[in-house]
Amino acid sequence: MRDLLLQCAGVAAIIVAVIHGLVGEMKVFPRVQIEPVQLRTLIRLVWQTSTVAWAGGGILLIATPWMASAPARHWIVITLACVFAFAAVANAWATRGRHFGWMALSAIVAMAVAGY
């Protein structure tokens, strides 16, 4: 059951990452005016860096049950729980709780910690 929770957390992390990337490209960046253009490119790339990082974290959570190392499982789960928890708190604070992202990120944290 623990392994299944970790894998569900991983799948959810990948889904959240894809939604985050798509929302940024389809809803956020078409509406904002950022000058100079180089700064706009930098902000867009930083946005997508979190998308790639969350997807990578999801892949690690999916793969964790097959790792023969207990310390690897420990540090992967602890590190990613902290990363996703920080993202959930930041999302809730920045949107004053009106965006569903903090709930999805919190669910990932809960599943990962329960699967620990």
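The values are calculated or read from the model by the stated rules, or taken from the named source; none is laboratory data. This one's a predicted model, so the numbers in the text were calculated from it and none came from an experiment. With ideal geometry, Cβ positions are generated from the backbone for all residues, glycine too; neighbour counts draw on all protein chains shown.
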Pairs needed: first member in segment 43-72, farther than 20 Å from Leu105 by Cβ; second member anywhere, polar (S, T, N, Q); C-beta distance under 8 Å; at least 6 residues apart or different chains.
Pro65/Gln7; Ala72/Thr64
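Identify, from the list His74, His99, the residue that is in a helix (DSSP H, G or I) and either of a type outside the set (A, V, I, L, M, F, W, C) or modelled with pLDDT under 90 (or both).
Numbers: His99 fails: in a helix (DSSP H, G or I).
After ruling out the rest, the residue left standing is His74.
Before we move on, is Gly10 touching a helix residue (DSSP H, G or I) at 6+ places or on another chain (Cβ under 8 Å), within 28 Å of Ala114 (Cβ to Cβ) and either among the small types (Gly, Ala, Ser) or not in a helix (DSSP H, G or I) (or both)? Walk me through it before giving the result.
On the way: touching a helix residue (DSSP H, G or I) at 6+ places or on another chain (Cβ under 8 Å): yes; within 28 Å of Ala114 (Cβ to Cβ): yes; either among the small types (Gly, Ala, Ser) or not in a helix (DSSP H, G or I) (or both): yes.
When the stated conditions are applied, Gly10 passes them.
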Within segment 2-27, work out how many residues are without any contact (Cβ under 8 Å) to a residue 24 or more places away in the chain and loosely packed, with under 13 Cβ neighbours inside 10 Å.
3
Leu42 surrounded by fewer than 16 Cβ atoms within 10 Å (Cβ to Cβ), of a type in the set (A, V, I, L, M) and modelled with pLDDT of 90 or more:
yes
